[in-house]
1. Scan the range 23-59 for residues that are free of Cβ contacts under 8 Å to residues at least 40 places away in the same chain and under 13 Å from the mean Cα position of the chain (by Cα) and report the count.
2. Pull up the range 58-69, narrow it to residues that are assigned to a strand (DSSP E or B) and out of contact with any Asp or Glu (no Cβ under 7 Å at 6 or more places or on another chain), then point me to the one that is surrounded by the most Cβ atoms within 10 Å (Cβ to Cβ).
3. What pairs can you find where one residue is in the range 1-16 and more than 11 Å from L41 (Cβ to Cβ), the other is modelled with pLDDT under 90, and their Cβ atoms are less than 9 Å apart, with a gap of 6+ or different chains?
4. Considering only the range 1-57, state which residues are open to solvent by 50 Å² or more (accessible area, probe 1.4 Å), hydrophobic (A, V, I, L, M, F, W, C) and assigned to a strand (DSSP E or B).
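The values are calculated or read from the model by the stated rules, or taken from the named source; none is laboratory data. Computed from a prediction, not measured in an experiment: that's the story for all the values here. Counting neighbours? That spans all protein chains shown, and the Cβs are built from the backbone with ideal geometry, glycine included. The accessibility values were calculated without ligands, DNA or RNA, using every heavy atom of the protein model including side chains. Shrake-Rupley method; radii C 1.70, N 1.55, O 1.52, S 1.80 Å.
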Amino acid sequence: MKPSIEKIKKNIYRSKGKDVKVVCRGSRNKKEVYDGKIDELYNYIFTIKSYDNSTKSFSYCDVLTKTVV
């Protein structure tokens, strides 16, 4: 069964405030890793507040297409 945007939103909503590790897959096999907590949830994006107090935003589609794991 394929994941849907709604299932992804529910899973991320359940993880709000918890420690997470986000891996972003970029071009040419580059990876960026962020450790932090899920800070805010919006209709189309969610934000991660990392431990160095920077905020990064990601879309639910990024999770669906596995650009963000």
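1. To start, the set of residues in the range 23-59 that are free of Cβ contacts under 8 Å to residues at least 40 places away in the same chain comprises 26-59.
Pick out the ones that are also under 13 Å from the mean Cα position of the chain (by Cα) and you get 32-42, 44-50, 55-59.
Residues meeting the conditions: 23.
2. Just the residues of the range 58-69 that are assigned to a strand (DSSP E or B), to begin with: 58-59, 68.
Next cut, out of contact with any Asp or Glu (no Cβ under 7 Å at 6 or more places or on another chain) only: 58-59.
Values: F58: 18, S59: 15.
Per the criteria, the residue is F58.
3. Taking only residues 6 or more apart or on different chains, the pairs are N11/P3.
4. V33, I45
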